[in-house]
Amino acid sequence: MKQEFNIDTLSGHDFEDLIARIMKKVGYKDIVLTPKSNDKGKDIIMRYEDEKESYPVIVECKHQNFVGRPVVQKLQGAMLHEIKNKGFIKGIIVTSGKFSPTVYEYVKEINKNYSSTMKIELTDGKKLKKLCEKYDIIILNGKIQIITNNSVDFLDEKGVKNQIFREFHQIIGHKDDLLKFQSETIFYPCYYMRYNIDSEFCTSVGCVNTIQKSNEEIFLDGMKAGRINETLRNHFFGNGFPSIIQIKRDKNKKIIPFEFTEKDIEDVAFEMIIDENTEEVKYYGKNNVEYTKTCKPHPRDIELKDTKAVYLPKIVNQIKIKDQNYLQEVFSDKHNLLYYKNEFNQCKSCKRSSTLFNSHLYFCKTCGRILCSYHKRLDAIDKTPVCLRCAFKKKLLLQTKFFISKKNKNRYSKRYEKMNLLRKFYEDKIAFWGGVGLVSVILFGILSSL
Ligand SMILES: [Zn+2]
Ligand SMILES: [Zn+2]
């Protein structure tokens with residue numbers, strides 16, 4: 001996919017927002033955007049943390065074409081102010097443009113002379129573009145979008161076909177070699193997020209409730225920003241986050257784009273999390289009167305993390321058997337299929353699925369129809385099942401018929417009665433050979449009398 005990178009369309013504030021988002025994805029913690037009025041050489045304050053060390057990091061964002069040495073001096077001042085001459089601190093300057101050569105020299109000097117107390121890093125427009133690409137962020141129409149090529153790993157076409165054959169084998173009288181496939185994979189956009197929540201609700205008599213959860217998962221539909229349904233969620237994410245592949249584009253693949261910016265989707269997620277975690281609690285006040293308090297978490301109590309955009313693959317099979325068409329839509333992960341639509345499991349005549357009436361389906365090899373036990377009226381010709389419609393319609397020269405029920409046999413007998421003589425010869429072995437014998441005898445008679 002071609003990644004657009006039109007950072008110029010972002011406002012200064014959105015630019016800072018973009019940088020904060022990237023820093024979050026890089027792994028920095030406790031990211032805070034400083035109020036605009038209060039910018040003293042720092043736009044973002046955050047924290048680096050691993051097993052060994054933890055230190056503050058301040059970021060200065062410069063959405064401009066050219067950054068000179070004074071910006072570095074200002075940042076250095078801010079860094080000194082922040083640590084108040086103790087510990088270690090890192091500073092980062094990010095620009096959508098370029099740094100002057102003197103900036104690089106000056107930063108090199110600082111990093112050398114103050115290596116035990118501070119370090120400054122520079123990210124110019126080129127490097128920023130690479131970071132955006134790395135984290136699947138693009139800027140479209142002045143908004144920060146997430147676009148990805150990542151899809152949940154899924155069964156390839158062959159794997160899906162094998163599963164479908166297995167399904168087809170449940171049908172009595174199945175015949176694999178009549179199946180003709182046409183497959184398309186549709187990729188549905190999905191957002192995955194995790195969150196922590198830590199809310200405390202206090203009244204004049206003390207704290208009455210706390211809501212604390214960590215690593216809760218949330219899955220949103222990338223088209224409508226609603227929650228994705230439970231079955232789909234369990235299918236793809238039931239055993240943890242699945243393995244991911246890059247979508248290779250071709251004409252048999254259709255990719256549905258993500259409709260929302262990262263900001264939009266976070267707003268929706270916050271709303272959902274707040275709704276879901278709002279509780280009513282009863283408590284007694286000082287006067288021993290019972291009160292009810294609605295405990296609604298504040299957005300600042302919620303930490304959203306690990307936002308991932310990922311596609312969920314759905315395979316659409318148009319299957320033709322003789323002149324009958326069957327549609328199947330299956331969500332596929334690496335191991336299993338989740339049928340969204342499956343006409344292999346449905347009677348062609350009444351459209352009921354076999355699970356509904358808990359019985360087998362039957363396949364007529366002659367016309368390709370799959371029928372339920374009620375609609376099958378299945379009979380066999382030379383022990384190959386055909387539906388009754390075919391049994392009546394086809395000319396069944398010299399074939400032996402087996403009827404699966406007396407009713408069907410009687411039905412056929414009635415039809416037979418009404419057939420003209422020629423058709424009767426076709427239908428009936430004895431009549432046919434009798435007729436042939438009779439004609440031969442007559443012919444023989446005629447010939448020998450000449
Ligand atoms: Zn039926
Ligand atoms: Zn048939």
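Assorted remarks:
- Residue list for the stretch 148-179, filter: closer than 14 Å to Phe363 by Cα, in a helix (DSSP H, G or I) and either touching a helix residue (DSSP H, G or I) at 6+ places or on another chain (Cβ under 7 Å) or β-branched (Val, Ile, Thr) (or both): Phe165, Glu167, Phe168, Asp176
- Among the conditions (1) at pLDDT 90 or above; (2) outside any loop (DSSP other than H, G, I, E, B); (3) buried (at least 17 other Cβ atoms within 10 Å of the Cβ), Ile265 misses just one, which is (1).
- Candidates Ser100, Ser116, Ser54: the one that is small (Gly, Ala, Ser) and modelled with pLDDT under 90 is Ser116.
- Single condition Cys347 does not satisfy, out of (1) surrounded by fewer than 22 Cβ atoms within 10 Å (Cβ to Cβ); (2) free of Cβ contacts under 8 Å to residues at least 40 places away in the same chain: (1)
- Residue within the stretch 24-32 that is buried (at least 16 other Cβ atoms within 10 Å of the Cβ), within 17 Å of Leu122 (Cβ to Cβ), touching a Ser or Thr at 6+ places or on another chain (Cβ under 9 Å) and in the same structural domain as Met118 (by TED's automatic domain parsing) present: no
- Test result for Ser353, within 15 Å of ligand 2 (Cβ to nearest atom) and among the hydroxyl-bearing types (Ser, Thr, Tyr): no
- Filtered residue count, the stretch 325-354, keeping only those that are within 13 Å of ligand 1 (Cβ to nearest atom) and polar (S, T, N, Q): 5
- Just one of the numbered conditions (1) at pLDDT 75 or above; (2) within 16 Å of ligand 2 (Cβ to nearest atom); (3) in contact with a helix residue (DSSP H, G or I) (Cβ under 6 Å, 6 or more places away or on another chain) is not true of Lys395: (1).
- Qualifying residue in the stretch 278-298 (condition: in a strand (DSSP E or B) and touching a helix residue (DSSP H, G or I) at 6+ places or on another chain (Cβ under 7 Å)): no
- Put simply, of Phe154, Phe66, Phe88, Phe99 the only residue that is out of contact with any Cys (no Cβ under 6 Å at 6 or more places or on another chain), outside the structural domain of Ile31 (by TED's automatic domain parsing) and either buried (at least 20 other Cβ atoms within 10 Å of the Cβ) or over 30 Å from Phe187 (Cβ atoms) (or both) is Phe154.
- The listed residue being at negative phi and in contact with a Cys (Cβ under 9 Å, 6 or more places away or on another chain), out of Gln328, Gln399, Gln324: Gln324
- Contacts under 7 angstrom Cβ, first residue in the stretch 399-416 being more than 16 Å from Asp428 (Cα to Cα), partner acidic (Asp, Glu), 6 or more apart: Ile404/Asp379; Asn408/Asp379
- Any chance Thr294 is of a type in the set (Ser, Thr, Tyr), under 28 Å from Val268 (Cβ atoms), modelled with pLDDT of 90 or more and away from ligand 1 (no atom under 15 Å from the Cβ): yes
- Assessment of the stretch 47-67 against the conditions (β-branched (Val, Ile, Thr) and part of a helix (DSSP H, G or I)) yields no matching residue.
- Meets criteria (under 42 Å from the mean Cα position of the chain (by Cα), farther than 30 Å from Val436 by Cβ, away from ligand 1 (no atom under 16 Å from the Cβ) and not aromatic (Phe, Trp, Tyr)) for Lys407: no
- The set of residues in the stretch 271-324 being of a type outside the set (A, V, I, L, M), under 30 Å from Val152 (Cα atoms) and free of Cβ contacts under 8 Å to residues at least 60 places away in the same chain consists of Glu271, Asp275, Glu276.
- Hey, Thr307 farther than 30 Å from Gln182 by Cβ and either under 15 Å from the mean Cα position of the chain (by Cα) or of a type in the set (Gly, Ala, Ser) (or both) or not: yes
- Any hit, the stretch 358-366, residues being without any contact (Cβ under 8 Å) to a residue 24 or more places away in the chain, surrounded by 15 or more Cβ atoms within 10 Å (Cβ to Cβ) and among the basic types (Lys, Arg): no
- Checked against the criteria, Lys414 counts as exposed (fewer than 13 other Cβ atoms within 10 Å of the Cβ) and away from ligand 2 (no atom under 16 Å from the Cβ).
- Comparison of Thr185, Thr95 shows that the only residue that is hydroxyl-bearing (Ser, Thr, Tyr), touching a helix residue (DSSP H, G or I) at 6+ places or on another chain (Cβ under 9 Å) and more than 30 Å from Ile19 (Cα to Cα) is Thr185.
The values are calculated or read from the model by the stated rules, or taken from the named source; none is laboratory data. The shown structure was predicted, so the numbers you read here are calculated from the model rather than taken from an experiment. Cβ coordinates were reconstructed from backbone atoms using ideal geometry, including for glycine residues, and neighbour counts include every protein chain displayed.
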